[in-house]
Amino acid sequence: MNRHRVLVVEDQAMPRQLFRMMIEASEDFTLVASIDSAELADIYCLRHGVELVLMDVVTRGGVNGLEAAARIKRQTPGVKLIVVTSMPECSYIDRARRIGVESFWYKEATDESILSIMRRTMAGESVYPDAPPDVRLGEASSRDFTPRELEVLREVTGGYTNTEIGERLFMSPSSVKTHILSMLEKTGFRNRTELAVRARESGLVILDERREGPEA
């Protein structure tokens with residue numbers, strides 16, 4: 001049996017080692033390389049005949065795995081990708097779909113093994129969760145927030161003022177304030193600082209300053 005050639009991009013040592021052991025023990029996959037930053041992932045794909053990439057989103061040095069996935073799809077469109085992440089950031093699933101990532105797997109929030117997802121992906125399936133994991137933020141569930149509130153919340157975590165957020169999201173400062181007040185009421189937090197800190201800690205929203213567009 002020809003084994004599919006896999007590249008693992010994962011910045012945490014423990015998951016990286018687990019992926020390595022799982023792949024080496026399998027009968028249908030072989031590990032090409034295991035790296036902790038997505039910065040050179042596209043080069044590995046070009047030079048080493050990679051067929052499948054397990055791509056973390058947040059990698060060493062702050063290099064974004066979704067940006068690397070977009071480069072891989074442009075340069076080697078035949079390479080299949082599976083995004084693997086523990087971050088519940090609500091935009092990741094949609095961004096991965098737009099880029100053309102075949103499958104998406106949450107590390108701690110699914111009963112199906114990554115090996116099963118890998119096999120299904122190589123068989124031509126596209127495997128995605130129905131929604132991000134539900135995250136508690138104060139008294140609220142992440143599913144209690146509107147998409148616009150989550151956009152505002154992401155900017156709040158960056159420390160921007162209402163005016164700056166309005167400019168970035170093309171809305172009035174008063175509308176920004178209304179969304180923030182709504183989120184404070186839902187969560188029970190006392191002020192925007194507590195809201196921002198707790199949102200960052202939860203991973204519900206992650207501000208990516210280097211992101212230039214949906215395909216970045």
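The values are calculated or read from the model by the stated rules, or taken from the named source; none is laboratory data. Note that the coordinates shown come from a computational prediction; the quantities given were computed from them, not determined experimentally. Counting neighbours? That spans all protein chains shown, and the Cβs are built from the backbone with ideal geometry, glycine included. Side chains are part of the model used for accessible areas, which takes the heavy atoms of the whole protein and leaves out ligands, DNA and RNA. Shrake-Rupley method; radii C 1.70, N 1.55, O 1.52, S 1.80 Å.
Going through region 41-58 one residue at a time, which ones are under 24 Å from ARG120 (Cβ atoms) and among the β-branched types (Val, Ile, Thr)?
Passing the criteria: VAL50, VAL53, VAL57.
Tell me yes or no: at least one residue of region 192-202 is closer than 30 Å to ILE117 by Cα, in contact (Cβ under 8 Å) with a residue 12 or more places away in the chain and touching a strand residue (DSSP E or B) at 6+ places or on another chain (Cβ under 8 Å).
yes
What number of residues within region 31-42 are in a helix (DSSP H, G or I), closer than 21 Å to ARG3 by Cα and either open to solvent by 10 Å² or more (accessible area, probe 1.4 Å) or in contact (Cβ under 8 Å) with a residue 60 or more places away in the chain (or both)?
The qualifying residues number 1.
Could you tell me whether ARG120 is basic (Lys, Arg), open to solvent by less than 60 Å² (accessible area, probe 1.4 Å) and not in a loop (DSSP other than H, G, I, E, B)?
no
For region 63-107, how many residues meet the condition of being within 20 Å of GLY49 (Cβ to Cβ), in a helix (DSSP H, G or I) and either open to solvent by 10 Å² or more (accessible area, probe 1.4 Å) or out of contact with any strand residue (DSSP E or B) (no Cβ under 9 Å at 6 or more places or on another chain) (or both)?
Final tally of qualifying residues: 4.
In region 141-155, what count of residues is obtained for those that are part of a helix (DSSP H, G or I), open to solvent by 40 Å² or more (accessible area, probe 1.4 Å) and over 18 Å from ARG95 (Cβ atoms)?
Residues that pass the stated criteria total 2.
So if I check each of GLY158, GLY138, which one is closer than 27 Å to GLU39 by Cα and open to solvent by 30 Å² or more (accessible area, probe 1.4 Å)?
One residue alone meets the criteria, GLY158.
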